[in-house]
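Enquirer: First the structure, which I've put down as structure tokens, then a few questions once you've had a look.
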Amino acid sequence: MGAMHTRIETLDRPTERLAAFYARRAQGEAGMILTGGYSPSPEGVMDEGGLYLDNEEQLVEHKWITSAVNKAGSRIVLQILHAGRYAKVDTCVAPSALSARINVFRPRALTTAEVWGLIKSYARTAELAKRAGYSGVEIMGSEGYLISQFVSGITNRRGDEFGGSYEGRIRFPVEIVKAVKKCVGDDFIVVYRISAIDLIDGGMTGVQVAELARRVETVGADIINTGIGWHESSVPTIAASVPRAAWIAAIRNVKEAVSIPVMASNRINTPGVAEEIIASGAADLVSLARPLLADPDFPKKVRMGIDNEIAPCIACNQACLDMIFTGRTASCLVNPRAGHEVEFPSGKAAVSKRVAVVGGGPAGMAFAITAAERGHKVTLYEATAHLGGQINLARRVPGKSEFNELLLYFKVMLDKFKVTVHLGRTPTVQELKAGNFDETVVASGIVPRKPHISGVDHPKVLSYVDVLGRNMPVGQMVAILGAGGIGFDVAEFLVGDFEESLQTDVFYKAWGVTIDLDTPGGVVAPVKRQPTRAVHMFQRKREPLGKNLGKSTGWILKTKLKEANVIMTPGVSYDRIDDGGLHYTVDGNSHVLGVDNVILCTGQKPQRSFATELLEADMQYHVIGGADHAEELDAVSAIDQATRLAVII
Ligand code: NAP
Ligand code: SF4
């Protein structure tokens, strides 16, 4: 299991929660678990209150974690990560006093004596980790953190022995590995995580990466793990738009340079992809991070030969990275228990009940599966001919094909736990009464909001469901009203062949990635692609469009749509829609846009008609998902709410 920041440490009872989080992955048979990063000194933490390990008093808490993992039959390795100029604290330090564009704090340059002191701190943290019962340490040398900042000439402008030439710049990681190894001896794993490809202008060339790998091997690293890209890179590295195993060529470059085991990471989310990587000889080990949030039993299920029961990581980042980037705790869209292990009771329900679920979207399916797993007899009714609800729209959007896996998984699990599924009908109230259900759960989803605009019923007006769900023809020039997640998805769908998540070479061209070993950072100019439609997006708010998209993915969408010449207009009031197109006003000036179609992506309202019928019949029921709350609804909150109800019902 690869290292992840979870921010679990910011919750109450942090050590108990961390121990439960890691132990759960150990029970799922992860062979080796890498923790989230611990700084070797307080100024290197990720943010205020972040993790560091520099004194003996902290050992008690760590022993709780290591013994929980060891008891569950696995090994745990502590990652040592100094964030350098990425540390969101006003005391942050770096090789040179150069700010990162992703951090408001400006770093102070370390003195030469401080650099030598820091090397000792890495060794001290490793020694403490050994005493705490960890099986090793991983020295984080990738993703743009302090070690990357030393290695790159862009961020290292030093004139002392830790700067200047390539030799000087790599001295910092080489001395760290040397010092750590000397301190911990041979019976303790030292992993070095190298930046296999920096993905920033002026970053390391492939040749330099290979040389650094050889040097850390020479001074004692036992395993090399690979990281991809710096956090400030403008190339996506783990989002759903990145093809699976996209970075294998860069990882193979490291593998070919050394004789110690090399670990592959990033966008490895199925056993098949992992197997291919190992079989191809590009790496010796695979590190899964987010997939073990989605399903802690991933390795165990592979061993048992039940791969189809693995809850897939769909690389959405919505409940993990986006939570971290907005100061919250990581969890998982697919598995709300992740990071919250101590909050969810496990095991069977005391009494097996008969439960009816009305609605087969994400909330209804997630509820039905968890309730049935707990021993309830569940019957699920879906009004349309297909399970999936809004998943059926999402999976048509370029870069969102992983949603197919989620739908497949839901279907497998409904079957496994013997949920009776009725497609193509909503039950009548009488039928539910006659069925003697102990509990009724309404998960009937949403209806798209139809705004009050003159001419909204004109034939050229379509809803996002017409476009993504019903495949209705769309003209060459369109206006999209509403710029939430769905407006952006529809825009991406309509600009044409911008699907890049399925082919690595297409992705590389679109984002300007090269695996040519002499190109600094592995980046070149992207190849511009031509949109197949002229798309205009509108919203009434005066703020920039896409402000509330996911932190880790919104910039990707905005970059792609900019490249596709999509014109975005905020601060609009809609006047009318007629044969002439869309009439609107901005800052008191009237405009008309002669579009072929106007597409409504103007939010949603709860679909509560069935709940109202139940209310009128004086029946008890629960409402979950969009039917309960449509504003700000997404699959994360729908599945979370459904699962939390299913474990107490
Ligand atoms: P949304 O985010 O609430 O956006 C609705 C849009 O419609 C807003 O731009 C809003 O802007 C506009 N609008 C609202 N009421 C209107 C009215 N009466 N007349 C005209 N315009 C109106 O909803 P959504 O785009 O439908 O997405 C639903 C949920 O799915 C979101 O919570 C989102 O998290 C999730 N989702 C996320 C993603 C993603 O992150 N990539 C993708 C798909 C869906 P103005 O009011 O300013 O005009
Ligand atoms: Fe994967 Fe999305 Fe879950 Fe994160 S939230 S682990 S990206 S499925």
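The values are calculated or read from the model by the stated rules, or taken from the named source; none is laboratory data. Predicted, not measured: the structure shown is a model, and the values here were computed from it. Positions of Cβ are backbone-derived with ideal geometry, glycine not excepted, and every protein chain shown enters the neighbour counts. Protein only, heavy atoms only, side chains kept; ligands, DNA and RNA dropped before computing areas. Shrake-Rupley method; radii C 1.70, N 1.55, O 1.52, S 1.80 Å.
Enquirer: Can I get the semi-axes of the chain's equivalent ellipsoid? Compute them from the C-alpha gyration tensor as square roots of 5 times the eigenvalues, in angstrom, largest first.
Expert: 45, 32, 21
Enquirer: Could you work out the pair-distance distribution P(r) of segment 1-121 from its alpha-carbon pairs, with 10 angstrom bin width and percents rounded to whole numbers?
Expert: Answer for segment 1-121: a P(r) of 14, 39, 29, 16, 2 percent.
Enquirer: Pairs LYS528/LYS558; LYS120/LYS182; LYS411/LYS551; LYS301/LYS400: which are spaced more than 19 Å apart, C-alpha to C-alpha?
Expert: In this structure, LYS411/LYS551; LYS301/LYS400 exceed 19 Å between Cα atoms.
Enquirer: Considering the Cα trace of segment 288-344, what is its radius of gyration and what is Dmax, both in angstroms?
Expert: Rg, Dmax (Cα atoms, Å): 11.8, 38.
Enquirer: For LYS255, list the lysines whose Cα falls under 23 Å from its own Cα; do not include residues on the same chain fewer than 8 positions away.
Expert: Qualifying lysines at Cα under 23 Å: LYS178, LYS181.
Enquirer: In addition: Relative to 2.2 N^0.38 Å, what does the C-alpha radius of gyration of segment 293-393 come to as a ratio? Two decimals please.
Expert: Output field value: 1.21.
Enquirer: Which of the GluC sites (Glu not before Pro) found in segment 544-649 are loop residues per DSSP with 12 or fewer other Cβ atoms within 10 Å of their Cβ?
Expert: GLU631, GLU632
Enquirer: Kindly report the accessible area of the chain per residue (heavy atoms of protein chains, probe 1.4 Å, no ligands, DNA or RNA), in Å².
Expert: Heavy-atom accessible area per residue stands at 40 Å².
Enquirer: In addition: Just grab the label-to-label distance for ARG540 and ASP187, each label 7 Å out from Cα along the Cβ direction, in nm (one decimal).
Expert: Those two pseudo-labels are separated by 7.0 nm.
Enquirer: Moving on to the next point. For ASP54 and VAL302, compute 0.36 nm times the residue count separating them, minus their Cα-Cα distance, and round to one decimal in nm.
Expert: Stretched fully, the ASP54-VAL302 segment lengthens by 85.5 nm.
Enquirer: While we're on this one: Counting pairs of alpha carbon atoms under 8 Å apart in space and at least six apart in sequence, what relative contact order in percent does the chain give?
Expert: Across the chain, relative contact order equals 12 percent.
Enquirer: Could you tell me how far the Cα centroid of segment 290-338 sits from the Cα centroid of segment 4-26, in Å?
Expert: 15
Enquirer: Based on the Cα gyration tensor of segment 223-306, what are the three equivalent ellipsoid semi-axes, each the root of five times an eigenvalue, rounded to whole Å and given largest first?
Expert: Semi-axes from the Cα gyration tensor: 21, 18, 11 Å.
Enquirer: Still on this structure, I have one more. Could you pull out every one of the aspartates and glutamates with an alpha carbon less than 16 Å from that of LYS353, ignoring same-chain neighbours closer than 8 positions?
Expert: GLU373, ASP438, GLU439
Enquirer: Can you tell me the length gained on complete extension of the stretch VAL592 to GLU61, counting 0.36 nm per residue apart and subtracting the Cα distance?
Expert: Extra length available between VAL592 and GLU61 comes to 184.7 nm.
Enquirer: With only alpha-carbon atoms counted, please give the Rg and Dmax of segment 68-203, in Å.
Expert: 15.5, 49
Enquirer: For segment 35-285, what percent of Cα pairs sit more than 29 Å apart?
Expert: 26
Enquirer: So what is Rg over Rh here for segment 110-185, counting just Cα atoms and using Kirkwood for Rh?
Expert: That ratio equals 1.00.
Enquirer: Now, a different point. Given a Förster radius of 35 Å and the C-beta distance between THR428 and GLU275 as r, what FRET efficiency does 1/(1 + (r/R0)^6) yield to the nearest 0.05?
Expert: Result of the calculation: an efficiency of 0.10.
Enquirer: Can you tell me which of 37-43, 91-97 comes out highest on packing, and rank the rest after it, using the mean Cβ neighbours within 10 Å?
Expert: Ranking, from highest mean packing down: 37-43, 91-97.
Enquirer: Also, quick follow-up: Quick one: grab Rg to one decimal and Dmax as a whole number for segment 257-326, Cα atoms only, in Å.
Expert: Cα radius of gyration and Dmax of segment 257-326 are 13.5, 40 Å respectively.
Enquirer: May I pose another question? How far, in nm, would the chain grow between ALA349 and ASP415 when pulled straight, counting 0.36 nm per residue and subtracting the alpha carbon separation?
Expert: Contour length minus Cα-Cα distance gives 21.8 nm.
Enquirer: Once you list every other residue whose beta carbon is under 9 Å from the beta carbon of MET568, what net charge do they have if Lys and Arg are +1 and Asp and Glu are -1?
Expert: +2
Enquirer: Shifting gears a bit: Whole-Hz Karplus ³J(HN,Hα) for segment 334-340, in order, using 6.51 cos²θ - 1.76 cosθ + 1.60 and θ = phi - 60°, x for Gly and Pro?
Expert: 7, 9, x, 5, 4, x, 10
Enquirer: Run down the lysines and flag those whose C-alpha is under 22 Å from the C-alpha of LYS460, throwing out any fewer than 8 positions away in its chain.
Expert: Excluding near neighbours in sequence, the set is LYS450.
Enquirer: Separate question: Tally Lys and Arg at +1 and Asp and Glu at -1 over the other residues with C-beta under 11 Å from the C-beta of SER637: what net charge comes out?
Expert: Here the count lands on -4.
Enquirer: Could I ask something else about it? From largest to smallest, what semi-axes in whole angstrom does segment 342-423 give when each is the square root of 5 times an eigenvalue of its alpha carbon gyration tensor?
Expert: Equivalent ellipsoid semi-axes, largest first: 24, 15, 9 Å.
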